[in-house]
Amino acid sequence: MLKIAMTYVRVVDRVNYVLGRIMMYSLFAMIAILLWSTISKQMFVVPSYWTLEMAQFALVAYYLVGGPYSIQMGSNVRMDLFYGEWSDRKKAWVDSFTVLLLIFYLGVLLYGGIDSTRYSLEYNERAPTLWRPLLWPVKTVMCFGIFMMLLQAVSELIKDIAKLREVEL
């Protein structure tokens, strides 16, 4: 069982690390989209209707696909008022409890996201704007990001349990 857990943690951490690094640099794509919006309005006097929504879609991907990397690196927000003073063992206990809440939340979110994506595909749902892009691609990216975050949360739970058992992963 330990070997399976170790392999799971290693694979999930590696995949989310690579995805997180890719998403870190995708910020430049969002900057390019917004820059084009500014240039097209100022120089060509032609507003680009698609730029705002594309920037929002890029932000969804950046946030949700990059989220597991943030969890992995421990750069998520914590209440360090008390947490910083606790022992590693107490931190592992609290983290293992809170990650269970996160897993439940992500499970509910993924369930709703899959249902919403299925609806978008079935009815060819489009955004109610002038550009009217299809919504299923961004909803698919959203579900993928939530799923990867769920896998990373389970990985963090395994690491916390290993820390409590004083087992080296």
Could you pull out every one of the aspartates and glutamates with an alpha carbon less than 18 Å from that of Lys139, ignoring same-chain neighbours closer than 8 positions?
Glu53, Asp115, Glu122, Glu125
Those lysines that a straight Cα-Cα span of less than 26 Å connects to Lys3, excepting residues fewer than 8 apart in one chain
Lys90, Lys91, Lys159, Lys163
Can you give me the % of accessible surface on the chain that is carbon or sulfur? Probe 1.4 Å, all protein chains present, nothing else counted.
70 percent
Over the chain, what relative contact order in percent results from Cα pairs under 8 Å that are six or more residues apart?
31 percent
Which of Met54, Met149, Met23 fluctuates most in a GNM of the chain (C-alpha springs under 10 Å)? That residue is Met54
Ignoring everything except DSSP H segments at least 4 long, calculate the 222 nm mean residue ellipticity for the chain; use -39,500 (n - 2.57) per segment, divide by total residues, nearest 500.
-27500 deg cm²/dmol
Specify which residue in the list Met73, Ile33, Val60 is farthest towards the positive end of the charge dipole of the chain, using unit charges on the beta carbon of Lys, Arg (+1) and Asp, Glu (-1), about the Cα centre.
Ile33
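The values are calculated or read from the model by the stated rules, or taken from the named source; none is laboratory data. These numbers were taken from a predicted model, which means no experiment stands behind them. In this analysis, Cβ positions are derived from the backbone assuming ideal geometry, glycine residues included, and neighbour counts consider all displayed protein chains. The protein model used for the area step is the full one, side chains on, heavy atoms only, and it has no ligands, DNA or RNA in it. Shrake-Rupley method; radii C 1.70, N 1.55, O 1.52, S 1.80 Å.
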